[in-house]
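S.K.: I have a structure here, written as structure tokens, and I will follow up with some questions on it.
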Amino acid sequence: MAHYHKPDAVTARVINPLIIALTKLGLSVRGAHVLAVHGRQTGKMQEVPVNPVEVEGTRYLVAPRGETQWVRNLRAASVAELRVGRRRQQIRVTELVDEAKPPVLRAYLRQWQRETGRFFGVDANASDEELRRQAPDHPVFRII
């Protein structure tokens, strides 16, 4: 069964919409972006706040909550748009295999531990082995 941490009502109805609204106005909260991706069933554009992370010059999207709808939509589409204010960046992505995730997860936790660390069960100081155990529960996409 796919791993997924469903957002609570406050996150779903207040926090995420607030972050999306601020980001659309160009006020990126600590580097947050809005990911816009077509729904795999409806075809409608879906928007969700995401926290890109950079590792050795390459940017990644990490799904701290696991198999979310945006993850499923991005897998199906493999293209999306990252938005901050009026800036729009068309992206293509490839999903990382679990063995390649530890350095990205570590960098993500270093940057976003306070906001998303509770979904991982480890912190940025975890060993590669501990991060490999977490890897199947957290999809990671390389932004091309």
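S.K.: Determine, yes or no, whether Glu47 is more than 20 Å from Phe119 (Cα to Cα), touching a residue at least 12 places away in the same chain (Cβ under 8 Å) and surrounded by 12 or more Cβ atoms within 10 Å (Cβ to Cβ).
M.R.: yes
S.K.: Any idea which residue in segment 122-144 is nearest to the chain's Cα centre (by Cα), counting only those that are surrounded by 14 or more Cβ atoms within 10 Å (Cβ to Cβ) and among the aliphatic types (A, V, I, L, M)?
M.R.: Val140
S.K.: Name the single residue, out of those in segment 45-69 being of a type in the set (Ser, Thr, Tyr) and assigned to a strand (DSSP E or B), that is nearest to Tyr108 (Cα to Cα).
M.R.: By that ranking, first place goes to Tyr60.
S.K.: Still on this structure, please answer the following. Scan (1) surrounded by 13 or more Cβ atoms within 10 Å (Cβ to Cβ); (2) free of Cβ contacts under 8 Å to residues at least 60 places away in the same chain for the single condition Phe119 breaks and write down its number.
M.R.: With (1) surrounded by 13 or more Cβ atoms within 10 Å (Cβ to Cβ); (2) free of Cβ contacts under 8 Å to residues at least 60 places away in the same chain applied to Phe119, the lone miss is (2).
S.K.: Moving on to the next point. Within segment 6-31, how many residues turn out to be buried (at least 17 other Cβ atoms within 10 Å of the Cβ), without any contact (Cβ under 8 Å) to a residue 40 or more places away in the chain and in contact with a helix residue (DSSP H, G or I) (Cβ under 9 Å, 6 or more places away or on another chain)?
M.R.: Residues in segment 6-31 being buried (at least 17 other Cβ atoms within 10 Å of the Cβ), without any contact (Cβ under 8 Å) to a residue 40 or more places away in the chain and in contact with a helix residue (DSSP H, G or I) (Cβ under 9 Å, 6 or more places away or on another chain): 0 in total.
Read-outs: derived from the displayed coordinates by stated rules, not from any lab. Here the structure is a predicted model, which means the values were calculated and not measured. We place every Cβ from the backbone using ideal geometry, glycine too, and count neighbours over all the protein chains shown.
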